[in-house]
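Any read-out appearing in this document is the output of simple, stated calculations on the displayed coordinates, not a laboratory observation. Every value quoted in this text rests on a predicted model; they were computed, and no experiment measured them. A quick note on method: Cβ atoms are made from the backbone with ideal geometry, for glycine too, and the neighbour counts reach across all protein chains shown.
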Amino acid sequence: MEIAYELTENDFVEALAVHREGNSAASRRLVAVFWLGIAFSAYLLYGAIRTHNVMRLLPLIFLVILWITLVEVFPRRNVRRQYTQQPGASGPRQLVLDASGAHWRWNGGSADVEWRNYIRSAEGPGQVLFYTSPACFNILPKRALTTDQLSELRILLLQNIQTQK
């Protein structure tokens, strides 16, 4: 199967979301911090209501702003910067999938990766990620695939590497 495509900045951002969903250890940490924040917020809110002192809510407001910044703003900013500062990220790409593995070609480089070197794959709403390590992956946007190619790709992934949804 041969696929031609170009990555966009949005592909990088969406791939980060798919990666974060599939990273269960990080997800558990985020959930734990979230619930600790909820408990602390409830404590502050209770104290502010009981004492009629709205100033006690300033730490809560600070924590909400910090949470949003750490979880949403910084990762997106870093992904966008990675896209713009990586010369090979833009431009035409080609992926050839066969029985031996994946053969990636892009402006300025290429990589031939045997199936045994992939540890897993993940499929999101708009991309398929091919992992060679827990944190390193290649992005294939689904918009570059026909319905038949997407079905064929899923079969290849099931046969050759573990897929996470």
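Computed values, structure above
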read-out	value
Residue 146 paired with residue 100, simple spin-label distance in nm, labels 7 Å along Cα-to-beta-carbon	2.6 nm
Summed residue charge, Cβ within 11 Å of residue 106's Cβ, Lys/Arg positive, Asp/Glu negative	+1
